[in-house]
Structure formats: C-alpha cells, structure tokens
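Trainee: Take this structure, written in structure tokens, and hold onto it; I'll ask about it next.
The values are calculated or read from the model by the stated rules, or taken from the named source; none is laboratory data. None of these values were measured; they are calculated from a predicted model. Here the Cβ positions follow ideal geometry from the backbone for every residue, glycine too, while neighbour counts run over all protein chains shown.
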Amino acid sequence: MKEIKIFIFSIVFAVILSFIFRQILDVSIHLNVLVSVSFVFIGSMIGKKLFSKSN
C-alpha cells in the first residue's frame, strides 16, 4: 500500500512540476520527457521520505 502512495505521489509531483517548467521555459518535447523522468525520480525520493516518516 505504501508503494502505491509513493508511486501516485511521484507521478502527480512530476506532472505538476513539468507543467510549470514548460510554462516558464517553453522547452521542446524531447527535453520535456527527460525533465519529466527526472521529476518522477525526485518525486519518488521525496515520497519515500514523507511516507516513511508517517508510518
């Protein structure tokens, strides 16, 4: 159950950040995919820290 929460959190985190990133910088699609993947990774790291503290 905790893994699902982390997964959902990281996806939402990445979507929001990549949307903001695209609005500000107006980057190309190719770069945006790379940025989104890195945001998912960062989001999962933050999610692990958040949900490990709460449990």
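Trainee: Filter the range 13-48 down to the residues that are of a type in the set (Lys, Arg) and either exposed (fewer than 11 other Cβ atoms within 10 Å of the Cβ) or at pLDDT below 75 (or both) and list them by number.
Mentor: Residues of the range 13-48 of a type in the set (Lys, Arg): 22, 48.
Passing the criteria: only 22.
Trainee: Is it true that some residue in the range 1-12 is modelled with pLDDT under 80, of a type outside the set (D, E, K, R) and surrounded by fewer than 16 Cβ atoms within 10 Å (Cβ to Cβ)?
Mentor: yes
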